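Reading through the structure tokens given below for one structure.
The values are calculated or read from the model by the stated rules, or taken from the named source; none is laboratory data. As the structure is a computational prediction, the values presented were derived from the model and not from experiment. Using ideal geometry, Cβ is built from the backbone for each residue, glycine included, and neighbour counts are taken over all protein chains shown. For accessibility, only protein heavy atoms count, side chains too; no ligands or nucleic acids. Shrake-Rupley method; radii C 1.70, N 1.55, O 1.52, S 1.80 Å.
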Amino acid sequence: MIVPGLVSVTFRQLGVPEVVRLVEEAGLSAIEWGGDVHVPAGDLAAAEATRKLTAQAGLAVAAYGSYYRAGHSDPAELAPVVRTAAVLGAPLIRVWAGKLGSAEASPDERAATVHALRRAAEAAAEVGIRIAVEYHRNTLTDTLASATALFAEVDRAEVVPYWQPAGGQDVGSALTEVRALLPELVTAHVFSWGPGGGKDRLALADREDLWRPVLTELAADGRDRYALVEFVPGDSPEVFRRDAAVLREWLATPDG
């Protein structure tokens, strides 16, 4: 089952109650709460309040979206991230695979990222949480080859992949990436970008050619996964409502 939701950093300008209300009104079911504005790492009171508001609205916490960069962040930053995610009730902690692209990272830097991901997995597993790695440029998941090699090097079932498309990505390569990351792939960040990337945001419906087959692929094995809207044009709540309606329609009519 694909569970639709929102990445809260899409609306950094809104408070937690407003984000909850917006997701509820849009008919989505889950929120990935960001650690930069809405639920800062170490702010356990904010995490508890956010957990309660989310649950009261009948929504799920999809993940805690941290900005912990494995292999580059101070290792001391990990403990408050894990504590915050636990209080928030998040099943996953999103982290980043370093801060350098795979072509720039040295073997030692790559090894440090692998070690840090294993350490994060151990710490999170103690409270029943898994580590999810962002699929992103300027990290070790910037290419499919590097990403799949990284997960093999980490070799921990508690470390799982996210996925999101590149700007203007063709359908064939997107499906190749998704299929290679399955079945462990837990979440897709759902948005439509033109070739200009983040500066070229489109309405979600503009990439129906990409998202319908990707969502079909994600749903094929029947496992629970999240599809979370992110990066709406103009950071507009109204655009988000339209994108959310489109996502819900696609999930309800997978064959178009």
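Of note:
- When GLY42 is tested against the conditions (1) in contact with a Pro (Cβ under 7 Å, 6 or more places away or on another chain); (2) touching a residue at least 60 places away in the same chain (Cβ under 8 Å), the lone failure is (2).
- Contact map, the range 176-194: residues that are of a type in the set (Val, Ile, Thr) paired with residues that are in a helix (DSSP H, G or I) and open to solvent by less than 40 Å² (accessible area, probe 1.4 Å), Cβ distance under 6 Å, separation 6+ or inter-chain. Pairs shown: VAL178/VAL214.
- Candidate set: the range 68-79, residues that are surrounded by fewer than 18 Cβ atoms within 10 Å (Cβ to Cβ) and either touching a helix residue (DSSP H, G or I) at 6+ places or on another chain (Cβ under 9 Å) or basic (Lys, Arg) (or both); chosen: the one nearest to THR143 (Cα to Cα): HIS72
- GLU18 being out of contact with any Asp or Glu (no Cβ under 8 Å at 6 or more places or on another chain), within 24 Å of PRO233 (Cα to Cα) and surrounded by fewer than 22 Cβ atoms within 10 Å (Cβ to Cβ): yes
- For the range 215-227, the criterion of being within 29 Å of ARG118 (Cβ to Cβ), of a type in the set (Lys, Arg) and in a helix (DSSP H, G or I) is met by none of the residues.
- Which numbered condition ALA166 misses (of (1) at pLDDT 95 or above; (2) aliphatic (A, V, I, L, M); (3) open to solvent by 30 Å² or more (accessible area, probe 1.4 Å); (4) touching a Lys or Arg at 6+ places or on another chain (Cβ under 9 Å)): (1)
- Taken together, the residues in the range 237-255 that are in contact with a strand residue (DSSP E or B) (Cβ under 7 Å, 6 or more places away or on another chain) and open to solvent by less than 20 Å² (accessible area, probe 1.4 Å) amount to 4.
Rundown of residues vs (1) within 12 Å of THR10 (Cβ to Cβ); (2) in contact with a helix residue (DSSP H, G or I) (Cβ under 6 Å, 6 or more places away or on another chain); (3) not hydroxyl-bearing (Ser, Thr, Tyr), yes/no style:
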position	(1), (2), (3)
LYS199	no, no, yes
ALA205	no, yes, yes
GLU208	no, no, yes
THR216	no, no, no
ALA227	no, no, yes
GLY234	yes, no, yes
GLU238	no, no, yes
ASP243	yes, yes, yes
PRO254	no, yes, yes
